[in-house]
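Enquirer: Here it is, the structure in full.
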Amino acid sequence: MPPRKHKQSTWSSVKAAASGLSRDDLLALLRNLYELSSSNKQFVDARLRIGSDHVAPHKKIVSDCMYPDVLRNHPVQISKAKKAISDYRKAAGDIHGEIDLMIHFVECGNRFTCDYGDINEPFYDALLNMYAKAVQAVAGLPEPAMAPFRNRLWKLTEASRGIGWGYHDDLCEAYYSVFPEDDA
């Protein structure tokens, strides 16, 4: 006799089951999920904007991935850092926090290469892509909210002088393509 196939759950089946729960049961379920894993906790904290800095746990992941402890033989983990930014975006829907994380990603990568020397082309490609996304996102903000982010973006271009792979020139190109009035 062939093994029985188990039907995969879907959002529809979860929604139907949850619709029969009381408010207290839903809160208990949320509590259980919250306590189940740190990623669930980070998601709920970011979504509900709990704590004074709901970006901090995601920023720590980005820092650990883009400026790892090389003395403990920890590698750079670009995809894990990108996932932290994506997870924050999905949880919080907060463009300011997302931009902060994107710029932090590049800041950590810049600092890592300045401290340890040139890395490789895929590393710089990841930094450039994130920088370009951050520049575009900043350009979409209202004028008063742009200033602190533009300042950080510009500092990144300044700090990148002397880094190989044409990295500095590419950062400048990405910046000036969106903010040409700053080209002096």
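Just so you know, all these numbers are worked out from the coordinates, no wet-lab data involved. Because the structure is predicted, anything quoted here is derived from the model rather than measured. Positions of Cβ are generated from backbone atoms using ideal geometry, with glycine treated the same way; all protein chains shown enter the neighbour counts.
Enquirer: Of the chymotrypsin sites (Phe, Trp or Tyr not before Pro) in region 1-109, which ones lie in a loop per DSSP and count no more than 15 other C-beta atoms within 10 Å? Before the final figure, lay out the partial values.
Expert: Values: sites: Trp11, Tyr34, Phe43, Tyr88, Phe105; in loops: none.
In loop regions of region 1-109 (DSSP not H, G, I, E or B), there are no sparsely surrounded chymotrypsin sites (Phe, Trp or Tyr not before Pro).
Enquirer: So how far apart, in nm, are the two label points at Tyr116 and Arg31 if each is 7 Å from Cα heading toward Cβ?
Expert: 4.3
Enquirer: For a quick check: sort Thr10, Thr113, Thr157 by the number of other beta carbons within 10 angstrom, fewest at the front.
Expert: Thr10, Thr157, Thr113
Enquirer: Compute the angle between helix 23-36 and the longest alpha-carbon principal axis of the chain, please, reported from 0 to 90 degrees and rounded to the nearest 10.
Expert: Result, in degrees: 50.
Enquirer: Another question, if that's okay. Determine the sum of side-chain charges near Leu71: Lys and Arg each +1, Asp and Glu each -1, restricted to other residues whose C-beta is under 15 angstrom from that of Leu71. Don't skip to the end; give the middle numbers.
Expert: Values: positive: Arg72; negative: Asp64, Asp69, Asp115.
With Lys, Arg at +1 and Asp, Glu at -1, the neighbours total -2.
Enquirer: On to the next question. Among the listed pairs Lys59/Lys90; Lys15/Lys133; Lys41/Lys83; Lys59/Lys133; Lys15/Lys60; Lys83/Lys133, which have their C-alpha atoms separated by more than 24 angstrom in this model? Intermediate values should be presented prior to the final figure.
Expert: Values: Lys59/Lys90 15 Å; Lys15/Lys133 35 Å; Lys41/Lys83 16 Å; Lys59/Lys133 17 Å; Lys15/Lys60 34 Å; Lys83/Lys133 15 Å.
Lys15/Lys133; Lys15/Lys60, as the Cα separations exceed 24 Å there.
Enquirer: Also, I was wondering about something else. Per residue Cα convex hull volume for region 44-184, in cubic angstrom? Kindly include the intermediate steps, with their values, before the conclusion.
Expert: Working: hull volume 15.6 nm³, N = 141.
It comes to 110 Å³ per residue, whole-number rounded.
Enquirer: Let me ask you something else. May I ask you to sort Lys133, Lys15 by Cβ crowding, counting other Cβ atoms within 10 Å and putting the fewest first?
Expert: Details: Lys133 18, Lys15 9.
Ordered by Cβ neighbours within 10 Å, fewest first: Lys15, Lys133.
Enquirer: Place a +1 charge on the Cβ of each Lys and Arg in region 46-168 and a -1 charge on the Cβ of each Asp and Glu, then give the dipole magnitude about the Cα centre in debye, rounded to the nearest 20. Before the final figure, lay out each step's value.
Expert: Values: 16 positive and 14 negative charges, 68 e Å.
Here region 46-168 has a charge dipole of around 320 debye.
Enquirer: Still on this structure, I have one more. Can you tell me the relative contact order of region 52-182? Whole percent, Cα pairs under 8 Å, sequence separation 6 or more. Working shown, then result.
Expert: Numbers: 124 pairs, mean separation 29.0, N = 131.
In percent, rounded to a whole number, it is 22.
Enquirer: Okay, next question. Arrange the following residues from fewest to most other Cβ atoms within 10 Å of their Cβ: Val135, Val55, Val106.
Expert: Ranking Val135, Val55, Val106 by Cβ neighbours within 10 Å, fewest first, gives Val55, Val135, Val106.
Enquirer: Please check: in the Gaussian network model of the chain (C-alpha springs, under 10 Å), which one of Pro122, Pro144, Pro75 has the largest mean-square fluctuation.
Expert: Evaluated over the chain, the most mobile residue of the options is Pro144.
Enquirer: Given the options Ser63, Ser13, Ser38, state which has the largest fluctuation in a GNM of the chain using a 10 Å cut-off (strictly under) for Cα springs.
Expert: For the chain, modelled as a Gaussian network with Cα springs under 10 Å, the answer is Ser13.
Enquirer: Next question. Once you've got the GNM for the chain with C-alpha springs shorter than 10 Å, pick whichever of Asp64, Asp53, Asp170 has the biggest mean-square fluctuation.
Expert: It is Asp53.
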